[in-house]
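The values are calculated or read from the model by the stated rules, or taken from the named source; none is laboratory data. Note that the structure is predicted; figures quoted are calculated from it, not measured. Neighbour counts are summed over all protein chains in view; Cβ atoms, including those assigned to glycine, are modelled from backbone coordinates with ideal geometry.
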Amino acid sequence: MEDAKFLRELEKKMKKAQDAKRFEHTLGVEFTAAALAMRYGSSVTDAQIAGVMHDCAKCLSDEKRLKICEKHDIPVSDVERRNPFLLHAKVGAYLAEKKYEVRNKPDILNAIRYHTTGREDMSLLEKIIFVADYIEPGRRHAPNLPEVRKLAFEDLDAAVLRILKDTLEHLKKSGGETDPMTEKVYRYYLNRI
């Protein structure tokens, strides 16, 4: 199927699967990912597909996400077991491939899988989705949003680092549990930059 037609089909499916607020966020991530892809020379279509699909498992209950992980041998960390909402990225990558037929696109699937925690040595597309999720136009309450939005179009790695730093600081202040992967990725990009 042609990529543009496939993208339109995915948009229709997400509109049905997500509530209005989540779908608005999804379209915001798709739009932002496309803009970042143009800026950094990545595939715009791949960025749009990853943007549309990044939260495809967000509408599932925590119990359903855990069940999918158990049934399909998707590893679940102790932090994820205590906070199953974190599994929406891993389960989303699984659903994108198996249910929504995003096949032969490992970079798109990884962009979905790591859009919340990031990972060491992310591909360009992975960084684009990680950043787009944070800065999309509908986002209102993320720390230092105006600065991060500007930085995203100047230096993508610096934007990734800033998002990780701000996320860790926010979780520490609010008493939220931190996924060790986020801390590991932060140290990686801190040393890299």
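Residue check, ASP121 against (1) in a helix (DSSP H, G or I); (2) touching a residue at least 40 places away in the same chain (Cβ under 8 Å); (3) over 30 Å from GLU2 (Cβ atoms), all met but one. Which one?
Against the list (1) in a helix (DSSP H, G or I); (2) touching a residue at least 40 places away in the same chain (Cβ under 8 Å); (3) over 30 Å from GLU2 (Cβ atoms), ASP121 comes up short only on (1).
Cβ contacts < 9 Å: first residue within 18 Å of TYR114 (Cβ to Cβ), restricted to segment 166-193; second residue surrounded by fewer than 12 Cβ atoms within 10 Å (Cβ to Cβ) and modelled with pLDDT of 95 or more, any location; separation 6+ or different chain. Result?
TYR188/ASP121; ARG192/ASP121
List the number of the failed condition for VAL102; all other conditions in (1) among the β-branched types (Val, Ile, Thr); (2) within 24 Å of LYS184 (Cβ to Cβ); (3) at pLDDT 95 or above; (4) not in a helix (DSSP H, G or I) hold.
That leaves (2) as the condition not met.
Only residues that are under 15 Å from the mean Cα position of the chain (by Cα), charged (D, E, K, R) and either under 16 Å from TYR189 (Cβ atoms) or at pLDDT below 95 (or both): list them for segment 134-157, please.
Once the filter is applied, which keeps residues that are under 15 Å from the mean Cα position of the chain (by Cα), charged (D, E, K, R) and either under 16 Å from TYR189 (Cβ atoms) or at pLDDT below 95 (or both), segment 134-157 yields only ARG139.
Any chance you could count how many residues in segment 147-191 are under 13 Å from ILE128 (Cα atoms) and touching a Pro at 6+ places or on another chain (Cβ under 6 Å)?
0
Do we have ALA89 as among the aliphatic types (A, V, I, L, M), surrounded by 20 or more Cβ atoms within 10 Å (Cβ to Cβ), over 13 Å from the mean Cα position of the chain (by Cα) and modelled with pLDDT of 95 or more here?
No, not satisfied.
Filtering segment 120-148 down to residues that are surrounded by fewer than 18 Cβ atoms within 10 Å (Cβ to Cβ) and among the basic types (Lys, Arg), which residue is nearest to TYR94 (Cα to Cα)?
Ranking the candidates gives ARG139 first.
Read through the list (1) assigned to a loop (DSSP other than H, G, I, E, B); (2) closer than 26 Å to SER42 by Cα, then give the number of the only condition that TYR94 fails.
That leaves (1) as the condition not met.
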